[in-house]
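Notes for the one structure printed next.
Any read-out appearing in this document is the output of simple, stated calculations on the displayed coordinates, not a laboratory observation. Computed from a prediction, not measured in an experiment: that's the story for all the values here. So basically every Cβ, Gly included, is an ideal-geometry build from the backbone, and we count neighbours across all protein chains shown.
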């Protein structure tokens, strides 16, 4: 899709290279850790922000500007409203049919969300529609080369004394049902999707 191609293009990334270099020199965080991840991305936001697939709305705790969170799970939206300030807006909504006019937001963010959305291009088309022309789209996701549900594993080579990642079926798109809280006795599952990079940036 043209929108994703623009976000990932060298020209687009080079435009903000100095900004990101300056940012990470000020915020040397581990973006894989929950609190640090939210601190890092909130520092990139300004204006009216839409959080797509917001879950329980954790980002709202770190961003002080105008925030709107949407999620397809009614249960998560109920929890988000329960644990957040009443002034913060949380809506039950499908990422493929966002209930907002065109060019409504200064920034849209999707944190570890797109891998759980089946209609990737439908969702990104909606994000492009509600984002202002000069707005910023921030996408946080696991690199698909290292996160393939049920096809990627950590293994250990005792002879060389190294840990490594075994990757299988990278070039094949896949759909897998995974347990949300493994080891905790819970039986709730979610569906996750794997797409190689070439699929992420082309239709």
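Of note:
- Cα-based shape type of the range 31-143, given that a ≥ b ≥ c are square roots of the gyration tensor eigenvalues and the cut on a/c is 1.5: rounded
- Extension gain, residue 61 back to residue 140 (0.36 nm per residue minus Cα-Cα distance, nm): 26.7 nm
- Normalised by 2.2 N^0.38 Å, with N the number of residues, the alpha-carbon radius of gyration of the range 80-136 equals 1.21.
- Averaging the sequence gap over all C-alpha pairs within less than 8 Å and six or more residues apart, then dividing by the number of residues, gives the range 82-139 a relative contact order of 45 percent.
- Part-to-part distance (alpha-carbon centres) for the range 137-151 and the range 46-78, which is given in Å: 21 Å
- Counting only DSSP beta bridges whose two residues both lie in the range 90-203, roughly 65 percent are antiparallel.
- Which of 52, 130 has the fewest Cβ neighbours within 10 Å, and the rest in rising order: 130, 52
- Estimated Rh, the range 59-113: Kirkwood, alpha-carbon pairs, angstrom: 12.1 Å
- Taking the alpha carbon gyration tensor of the range 85-203, multiplying each eigenvalue by 5 and rooting it gives semi-axes of 33, 18, 14 Å, largest first.
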